[in-house]
Amino acid sequence: MRFDVLTLFPELFTPFFESGVTRRAYESKQVEVVLGNPRDYAAGNYRRVDDRPFGGGPGMVMMAEPLSACLDAAQAARGNDAAPVVLFSPLGERLRHEVVQHWADSAGAVLVCGRYEGIDQRFIDARVTRQLSLGDFVLSGGEIAAMALLDAVARLQPGVLGDEASHAQDSFNPALDGLLDCPHYTRPEQWRGEVVPAPLMSGNHALIERWRRDQRLTISQARRPELVAAARAAGQLSKQDESALKKKL
């Protein structure tokens with residue numbers, strides 16, 4: 001798959017591609033990322049990419065033409081002018097596991113990283129096919145959001161994580177019925193007076209899995225009750241699950 005990232009700050013991505021376990025995905029080109037800078041397509045000696053907003057107000061607005069020309073170049077290089085164009089925006093759909101899985105199974109997209117007060121709406125109306133949001137807050141630009149999507153997509157690729165089953169144990173994964181993950185412990189067995197829960201030390205795999213399931217259920221009920229409700233509606237909760245939830249009420 002290939003993701004083209006349109007950004008005024010391509011240098012922000014260099015350490016991201018070279019660090020951590022997900023670098024395997026970028027080095028192997030399982031997730032190919034190509035950076036494009038709209039400033040390279042701006043006119044004039046100053047390569048201006050922003051201007052003051054019509055109607056007044058604070059901040060500057062990214063101009064449509066440099067972005068559009070940069071997008072044209074990215075689509076031409078892909079050999080596919082129908083590649084989806086994704087803008088990171090507060091107006092967008094919330095980035096969830098299902099959305100990440102969609103892009104992990106796709107051929108990629110063009111990711112547009114906005115800056116300043118926003119982007120000329122005419123570019124959005126004419127060229128953007130989908131908008132995504134990390135949450136109900138505002139960043140200085142779309143680069144961090146793009147990295148979040150790329151990282152989440154990369155770790156779902158075969159061979160990227162040390163253990164193929166690792167991502168199946170992540171919070172929100174369908175393998176966990178969309179619930180939050182359980183707590184994890186490692187050596188030493190005692191740390192500052194606190195001990196590892198007894199079921200994890202039992203060696204009884206059925207008991208361990210039951211403890212983990214109960215933890216996922218009760219934590220999800222306490223922190224994200226809508227996840228438990230969704231699992232219940234989908235018929236994914238057993239009688240033991242319901243009993244575990246009642247015990248914690």
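Per-structure values
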| quantity | calculated |
| --- | --- |
| Given 14 as the ceiling on other Cβ atoms within 10 Å, longest exposed-site-free region of the chain for chymotrypsin sites (Phe, Trp or Tyr not before Pro) in DSSP loops | 55-136 |
| FRET efficiency, 1/(1 + (r/R0)^6) with R0 22 Å, evaluated for Ala175 and Lys246 via beta carbons | 0.35 |
| Using a Förster distance of 41 Å, the FRET efficiency for Ala126-Ala148 (Cβ separation, nearest 0.05) | 0.95 |
| Cubic angstrom per residue, convex hull over Cα atoms of the range 1-109 | 148 |
| Alpha-carbon centroid distance for the pair the range 215-231 / the range 156-189, whole angstrom | 17 |
| Overall Cα dimensions of the range 86-141 - principal axes, largest extent first, Å | 32, 25, 14 |
| Loop-located trypsin sites (Lys or Arg not before Pro) in the range 164-249, at most 13 other Cβ atoms within 10 Å (DSSP) | Arg192 |
| Tensor-based shape of the chain (alpha-carbon gyration tensor, a/c under 1.5 rounded, otherwise prolate or oblate) | prolate |
| The range 51-104: trypsin sites (Lys or Arg not before Pro) in DSSP coil with no more than 14 other Cβ atoms inside 10 Å | Arg96 |
| Relative contact order (%) - the chain, alpha-carbon pairs under 8 angstrom, separation at least six | 17 |
| Cβ-derived FRET efficiency at R0 41 Å, Asn45 paired with Glu93, nearest 0.05 | 0.55 |
| Distance in nm between pseudo-label sites at Asp163 and Arg192 (7 Å out along the Cβ direction from Cα) | 2.5 |
| Pairwise label distance in nanometres, Glu27 with Phe9, each label 7 Å out on the Cα-Cβ vector | 2.7 |
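Quick note: the coordinates plus some simple rules give every number you see, no bench work behind them. Computed from a predicted model, the values in this text were never measured in an experiment. Because the Cβ atoms are built from the backbone with ideal geometry, glycine has one as well, and the counts that use them run over all protein chains shown.
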